[in-house]
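Here's the structure, in structure tokens; my notes come after.
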Amino acid sequence: MEKGRWMNCYLERSTGSSSTLAQLECNRYSANTEDELRSPRKGIRSSESSNCSFLLLLVRANPLSTVVYQRNESFYSLIAKIQIKVILSTKNVNGLFGHLFKVSLALSSLILIASCGDENDDIEVQEENTNQFSRTQFSEGEMAILSETLNLKQSFFNYASVPIPISFNESYGSLPEQDNTPAHNPITDAGATLGRVLFYDVNLSANNTISCASCHQQDRAFSDPAKFSVGFNGETTSRHSMTLINSRWYGKKRFFWDEKAATLEDQVLLPIQDHIEMGMELPELISKLEQLDYYDVLFNKAFGSAEINSDRISKALSQFTRSIVSYNSKFNKAVRADDLDEVPETDMVALSTLTEQENIGLDIFYNFATCGYCHMGPAHVADSAKNNGLDSFYNDLGRETWSGNPKDNGLFKPPSLANIALSAPYMHDGRFETLMDVVNHYNQNIQPHPNLNFRLTTEDIDGTVGGTPLQLELDEEQKEALVAFLKTFTDEEISTDEKYSDPFK
């Protein structure tokens, strides 16, 4: 390799006004090997095995955008310390410095785009204001602070680049189309690690007794085994706590049973402020967290400074929640074992590694009852809130509660069916204690309602509502087979995975 000049560049943006100046600071030094500039992240290459060219673009962007490196369907952030190989003469480097600093003073921000290697490598620019996402582990000093309270590993768990099976991408309602991750808040290992700690921290409640995990328990599919959850002062919620698994794949992006939260970023802050659930005001919460040393480390690692604000709390909790995805259930593994590229909404074939009873249930689910139209693809997520005929008259108005639209009466968001066997009781009010109770509802107890979803009517005409209820009328053997198939959606790994577990000592 040619010996030459190297340039070590730091991309930073001062906090405060959205129009503040981003600066590129470069320090030159000589180097003989690439090891001195080896990037800490997989997929970011310096040179020898590929021809890399780095382009500095000075553009107007407000706020500063995050540069995200995409390779093999995984995302790697190139923020903070970006190390660039530039073999230039001293004269050329000096000229570049003079030009950069003169132009940067006139522009509101700077984007650094790296273009490397294969023709399949892509660069995407996503909006975000952070400069710490490229770090992969805690320092010894940081671990000394964290270890007083937390059981965290020095190297981060992988949250950001989990490989997703091809069937998740090719199926009806394909997940890339339904991914509700916003451009300004991509999942990062550091951000999700902070989110995990916040998720399990009882300091988020007024009297230090309730955390998010109190009502969303890992071994219960991140749901609550109680019909209604108990809040910080002993009062109970008005609805059952739904599972958080596969929240990332709800394409409509709205959250809560009635979809009152427009985004997950909005949703995660509301239970904290709810007078029954956790009882905190956000300014009070921020002041409280500022007194805890471990958050200085975690916020700095995730966002580039120790500043704590509600936006950062929201982003971190959302990143952790979106990272909770299930793709290792018995059903998912059976799809992969048979090399199926997709899971259709209907006309599904039997799977070789399922039992005879489970395959009978599969046939009922997909080909007779057509449950796959509303619980789509291998993640079994819905595309919108629906009225499933629980009642002819609803005391809980569902989506109409906030929309005021009578057409939203009795409409509730269906959760993912991932780990459905672990998330009892069922429905927004926890009325059904077992999966057989749920099957019995669809088998013979669907109630007429003006907003009943068309899939549950004899008319079955797309876009219509309020038809005559269509009962499945299965016999006992068929009902048991359907329940057996629903149990194949259980992902034991997500129920025990350490990266989703309580990190507190």
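Read-outs throughout are calculated quantities, based only on the coordinates presented, and are distinct from any laboratory measurement. In this text the structure is predicted, and so the values were computed from the model without any measurement. Positions of Cβ are backbone-derived with ideal geometry, glycine not excepted, and every protein chain shown enters the neighbour counts.
Would you grab the residues whose amide H sits under 5 Å from the one on MET376? Only those 5+ places off in sequence or on another chain, please, with H modelled 1.01 Å from N.
Answer set, sorted by chain and number: VAL381, ALA382.
Could you estimate the translational diffusion coefficient of the stretch 208-313 from the Stokes-Einstein equation, with Rh from the Kirkwood formula over C-alpha pairs, at 20 °C and 1.002 mPa s, in whole µm²/s?
The Stokes-Einstein estimate is 142 µm²/s.
Mind checking the dipole of the stretch 303-418: about its Cα centre, +1 per Lys or Arg Cβ, -1 per Asp or Glu Cβ, Debye to the nearest 20?
Approximately 500 debye in magnitude.
Where does each of TRP249, TRP257 land when they are ranked from fewest to most other beta-carbon atoms within 10 angstrom?
TRP257, TRP249
Divide the volume of the convex hull of the Cα atoms of the stretch 259-300 by its number of residues and quote the answer in cubic angstrom per residue.
Given the Cα convex hull of the stretch 259-300, per-residue volume reads 88 Å³.
Show me, for the stretch 382-397, the HN-Hα J-couplings you get by feeding each phi into the Karplus relation (A = 6.51, B = -1.76, C = 1.60, θ = phi - 60°), rounded to Hz, glycine and proline as x.
Calculated HN-Hα couplings, in order: 8, 10, 5, 5, 9, 9, 10, x, 5, 9, 7, 9, 10, 6, 8, 6 Hz.
Just want the ordering: HIS441, HIS275, from fewest to most Cβ atoms lying within 10 Å of their own Cβ.
HIS275, HIS441
Once the piece of chain linking ASN328 and VAL349 is laid out straight, how much longer is it, given 0.36 nm per residue of separation minus the C-alpha distance between them?
5.6 nm
Amide H of LEU411: which non-local residues (sequence gap of 5 or more, or other chain) have their own amide H closer than 5 Å, using H built in the peptide plane?
ARG399, GLU400
Using the 10 angstrom Cβ neighbour count as an exposure proxy, how do CYS212, CYS371 rank, fewest first?
CYS371, CYS212
Which whole-Hz ³J(HN,Hα) couplings does the stretch 460-475 yield from phi under the Karplus relation 6.51 cos²θ - 1.76 cosθ + 1.60, θ = phi - 60°, glycine and proline marked x?
So the J values, rounded to whole Hz, are 6, 10, 4, x, 9, 9, x, x, 6, x, 10, 8, 5, 6, 7, 7.
5 Å is the cut-off here: which amide hydrogens, built 1.01 Å from N in the peptide plane, fall below it relative to THR236, excluding neighbours closer than 5 in sequence?
Close amide H contacts, sequence-distant or interchain: GLY231.
Does the stretch 330-493 come out rounded, prolate or oblate, given a ≥ b ≥ c as the square roots of the eigenvalues of its C-alpha gyration tensor, rounded meaning a/c under 1.5 and, failing that, prolate meaning a/b above b/c?
Because a/c hits 1.5 or more and a/b exceeds b/c, the stretch 330-493 counts as prolate.
What does the charge add up to near LEU422, with Lys and Arg as +1, Asp and Glu as -1, over the other residues with Cβ less than 10 Å from its Cβ?
-1
Under 11 Å from the Cβ of GLU307, count the other residues' Cβ atoms, weight Lys and Arg +1, Asp and Glu -1, and hand me the total.
Residues close to GLU307 contribute a combined charge of -2.
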